[in-house]
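*Asks:* The structure is given below, and queries will be raised subsequently.
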Amino acid sequence: MSLEIPSTASIATDDIDVPDNPEDVFETLVADPALCCQQCFRRVRARFEFDHGWGREVGDILSFVDYDLPEGEPRWNTADREYWEEAELADRRDEAHPPGEDGSGKACSFCGAVDHHRSPSTRSRDEALEAAVGIVATLIEFGAAHNPLVLLVEVADLKRNPDYAGDDFGTFRLAVARAVRAGRSR
């Protein structure tokens, strides 16, 4: 059985491009805690381009505006900065009131994680496969061509490999790269 995912069916509305290099896809689209819950790897935030002139003028004082510099450029170089802002996606985070904590917070609406920035301890094979399903959903949302079945099989196989069993980040990075290669070769 083969799963067919249209390679250009992006439903993401933000300004993040799918990297050309399959090895960069996991880190850019999934492993960024500013975009995805690090427990289930589902999207919780979006990133939008921010006007360059306005970013240079007020970007350092607005907490929701950040920037990227080309590699090797000094921090003071404002001419080559790319400014962007982050925003929560609707219905991706719920109000949370953990017992014993003052005030309220937000929890991932997919897995319930209160701190979506924090990665869990090393996942079991079953937990890794559950997280891989979240990765598939996120890649589909970004319109990243990939083969979901390859991703799931690779995660299962790598979690059996002693070199990868304790390295979730390495497992997911390699599995995503292989799945993206397989999806692009169709």
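Just so you know, all these numbers are worked out from the coordinates, no wet-lab data involved. Everything quoted here is computed from the prediction, not taken from an experiment. Cβ sites come from the backbone with ideal geometry, for glycine too, and all protein chains shown count toward neighbours.
*Asks:* Fewest Cβ neighbours within 10 Å first, please rank 106, 159 accordingly.
*Replies:* Values: 106 16, 159 23.
Placing the least packed residue first, the sequence is 106, 159.
*Asks:* Scan around residue 106 for amide H atoms under 5 Å from its own, H built in the peptide plane at 1.01 Å from N, and keep only partners 5 or more places away or cross-chain.
*Replies:* Close amide H contacts, sequence-distant or interchain: 96.
*Asks:* Rounded to the nearest 0.05, what FRET efficiency do residue 186 and residue 125 have when you use their Cβ-Cβ distance and R0 = 35 Å? Present the calculation step by step, with values, prior to reporting the outcome.
*Replies:* Values: r = 27 Å, r/R0 = 0.78.
Approximately 0.80, to the nearest 0.05.
*Asks:* Using the 10 angstrom Cβ neighbour count as an exposure proxy, how do 16, 135 rank, fewest first?
*Replies:* Details: 16 17, 135 29.
By the 10 Å Cβ count, ascending, the order reads 16, 135.
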